[in-house]
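Take a look at the structure below.
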Amino acid sequence: MKFAAVASTLLLAGSALAAPHTAKRHEAHRRRAEGKTSKPVNYVKDESGNIMTGVNNNTFVSYSTNWAGAVLVGTGYTSVTAEFTAPTPSTAGSGASWVGIDGDTCGTAILQTGIDWTKSGSSVTYDAWYEWYPDYSYDFSGITVSAGDTIKATVTATSKTAGKATVENVTTGKTVTHSFSGESSEGDLCEYNAEWIVEAYEEDGSQVSLADFGTETFSSASAIKSGTTVGVTGATIIDMQSSSGSTIVTCSDTSSSVKCTYV
């Protein structure tokens, strides 16, 4: 998920509890923090509060208003990785592609990394970023992303309050890594979820209009669960719906990939 900030009340609480090094990071990345924010998966529910589900391409799916992709649910997930292509949006709007730990059945923290993109007029911009929710997300420095670049994103939790995020631009050969430590003031991981997600995040308090990104495929997708490498098999598939209830992104998976298509 693309979490640049939490809601304003949480911002105030977070600033009061954050460690000194966190406050310094907030100041250093003020531009990003002020603009972009997001939330854990927001499932579409019926009048009884049950998650809306359906069938897409013979696959049982759940529906969300902000996420599309695949989520493994269990215990002991400590690493997630995949490769994907920086898309070329064909319509104005924004979006993000990322891998992460937690954010579905665990909402206390999310360790995630990936890229986002924004198309405005004929210009498309990209950022590579990392995050330990509910802290802000931060842009990596020293790496550039262009349309069509192959990106490898990996997150690894070394404990429930520490870990690292790595983004490699396979096309250019550049790799950047950020290490997290002592993140208990932000929130502890549960290690319940591994995910591969395309997201419509929030900016200035409103969810962005998701750009038509075409198709995003997370290939060589895997996770480490209790010390063993696993694939995507058995993941919950999430399709994205608009506020009017129409499906705007459909996803499917194989044992080692997740494919999401803008419709």
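Just the projected area, averaged over all directions, of the convex hull on the alpha carbon atoms of the range 199-263: how many nm²?
Orientation-averaged projected area of the Cα hull: 5.8 nm².
I'd like the distance between the alpha-carbon centres of the range 170-225 and the range 65-108, rounded to an integer number of Å.
About 5 Å separates the Cα centre of the range 170-225 from the one of the range 65-108.
Per-residue HN-Hα couplings for the range 71-83, Karplus 6.51 cos²θ - 1.76 cosθ + 1.60 at θ = phi - 60°, whole Hz, x for Gly and Pro?
Ordered by residue, 3J(HN,Hα) equals 10, 8, 10, x, 9, x, 7, 10, 7, 9, 8, 5, 10 Hz.
Within the set of other residues whose C-beta is less than 13 Å from the C-beta of Thr161, count the net charge using Lys and Arg as +1 and Asp and Glu as -1.
Spelling it out: positives minus negatives among the neighbours equals -4.
FYI, it's all coordinate maths here, none of it is from the lab. For clarity, every value in this text was computed on a predicted model and none was experimentally measured. For neighbour counting, all protein chains shown are included, and Cβ atoms are generated from backbone atoms with ideal geometry for every residue, glycine included.
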